[in-house]
Amino acid sequence: MKRPLAIFSAIFFAMALLIFATPPAQANITILITEPTHRQINGQFIDDELAKSIGEQGRLGQIIFNPPSGNRNWVIDPALIEEVTSMSNGYTLISGAAGTGQIAAQTWLAQLKTITSSDAVTAMAYGNPSLYWVNKLSSHEVNYVLAISQARLQTLLNLAVTGVSRYESDSKFGILDSDIALIKADTVNFSETAAYVDPTTIDLYRLALIKILNPNLSKDRREYLIRDLTSTAFEQIHLVHLSQGRFTVTSTHQNLPITITNGFPNEIKVTLRVVPVNAKIQVGDLPVQTIPAKAKIQVMVPIEVLTSGTSGMNIEVISSQGNLLGDRVSYPLKLSVISPIATWFTTGAAILLFIAATIQSIRRIRRRQK
């Protein structure tokens, strides 16, 4: 009896040693790498705070220079990596001063690629926006943001990246009604001119809006970026515009030269909508106008003057999609024209005066002869 018991005890002891000697499985650790944008839509840096954050003692520096041990999954915002990559190539601030973080950016990127080379990496939704606000202001972009994030991050880091399937945030932070109206108007302006710009530029504008919806942006920074977006949208819609002018018309039928400028990198087709300000003139029909890329043309607008005085034309440029491009321009007209009726009346009166004078002369001659 003692021998089987001894054998059992030995087996139990060995198993206990094996269990307690095996180190516990390391937990999976998710590490988020993200930061609200520090750039305007044109790529210029607003401040140099990102340079501090990626330094070894900064928030983003600490994450990659002193990472936790374990089975790590890095969830990385491609918008942040784009900004640090831009810094690594040299950059300037909107103040005109040179940025100080070029070397820090190069070091941080090198360390990030090294530390993640053997770990799992997942793309974060570009710009880490709030799903609530993406749905509210740009619902058609929800899947686009997820789709573009993986491809951009893979290219930037040059390693395999797992695609993102969700948004990290669903925050319902506040945005002023006036700013919401600006964002919606900007979206309309960008969409109406999308056919005239290259896809890269379209993506730039779409993603600039998404970055504004990051919940960690300060209120002041978000309002600043909304106004930057609005300024860009205004410039975009006004790349096609009419030159100002005023005319003196001296003939009944006259062609007035109107100059249209196309600032887009592609050829466009437009029509001119011409509306007289009063009934003193009539405007003839105009064909569709083709304007080459980065060029200006002169369109001859045919008018007929019905009576002298002052008049004018309000002209708008309409895209082939039926959208207004640029602003409506008013052209004052001074009509110094004698109409056919007035000419006939004046000529008739002159003839009658001539006849009357002739008859009077004949009468005088006859009186003298008597």
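State yes or no: is LEU272 outside any helix (DSSP H, G or I) and either farther than 27 Å from ASN42 by Cα or of a type in the set (Val, Ile, Thr) (or both)?
On the way: outside any helix (DSSP H, G or I): yes; either farther than 27 Å from ASN42 by Cα or of a type in the set (Val, Ile, Thr) (or both): yes.
Considered against the rule, which asks whether it is outside any helix (DSSP H, G or I) and either farther than 27 Å from ASN42 by Cα or of a type in the set (Val, Ile, Thr) (or both), LEU272 comes out as yes.
Restricting attention to region 22-36, the residues that are at pLDDT below 95 and in a loop (DSSP other than H, G, I, E, B) add up to 6.
Criterion first (over 16 Å from THR37 (Cβ atoms) and free of Cβ contacts under 8 Å to residues at least 40 places away in the same chain) does GLY90 satisfy it? Taking the combined requirement at face value, the residue satisfies it. Restricting attention to region 59-82, the residues that are among the charged types (D, E, K, R), within 29 Å of the chain's Cα centre (by Cα) and either farther than 15 Å from ALA105 by Cβ or not assigned by TED's automatic domain parsing to the domain that holds TYR224 (or both) add up to 1. Scanning region 191-207 for residues that are touching a helix residue (DSSP H, G or I) at 6+ places or on another chain (Cβ under 6 Å) and touching a residue at least 40 places away in the same chain (Cβ under 8 Å), we see that the one that is farthest from VAL142 (Cα to Cα) is THR193. The set of residues in region 208-241 that are of a type in the set (A, V, I, L, M) and assigned to a loop (DSSP other than H, G, I, E, B) comprises LEU213, LEU217, LEU239. When you go through (1) over 28 Å from the mean Cα position of the chain (by Cα); (2) farther than 24 Å from SER165 by Cα one by one for GLN102, which number turns out not to apply? Checking GLN102 against (1) over 28 Å from the mean Cα position of the chain (by Cα); (2) farther than 24 Å from SER165 by Cα, the one that fails is (1). Among the residues examined, GLU56 qualifies as at pLDDT below 95, assigned by TED's automatic domain parsing to the domain that holds SER231, of a type in the set (D, E, K, R) and surrounded by 11 or more Cβ atoms within 10 Å (Cβ to Cβ).
Contact map, region 292-303: first residue without any contact (Cβ under 8 Å) to a residue 12 or more places away in the chain, second residue in a strand (DSSP E or B), Cβ cut-off under 7 Å, separation 6 or more or different chains; the map is empty. Taken over region 105-153, the residue count meeting the criterion of being small (Gly, Ala, Ser), within 30 Å of ASN66 (Cβ to Cβ) and within 19 Å of the chain's Cα centre (by Cα) is 1.
Only residues that are assigned to a strand (DSSP E or B) and under 30 Å from THR201 (Cβ atoms): list them for region 41-97, please. Talk me through it step by step, then tell me what you get.
We begin by selecting, within region 41-97, every residue assigned to a strand (DSSP E or B); these are 45, 71-76, 92-93.
Of everything in region 41-97, those that are assigned to a strand (DSSP E or B) and under 30 Å from THR201 (Cβ atoms) turn out to be PHE45, VAL75, ILE76, THR92, LEU93.
Return yes when GLY263 is in contact with a His (Cβ under 9 Å, 6 or more places away or on another chain) and not aliphatic (A, V, I, L, M) and no when it is not. So GLY263 passes the test.
Which members of region 249-260 meet the condition of being within 30 Å of the chain's Cα centre (by Cα) and buried (at least 18 other Cβ atoms within 10 Å of the Cβ)? Passing the criteria: ILE258, ILE260.
The values are calculated or read from the model by the stated rules, or taken from the named source; none is laboratory data. Source: prediction; values computed, not measured. Neighbour counts are summed over all protein chains in view; Cβ atoms, including those assigned to glycine, are modelled from backbone coordinates with ideal geometry.
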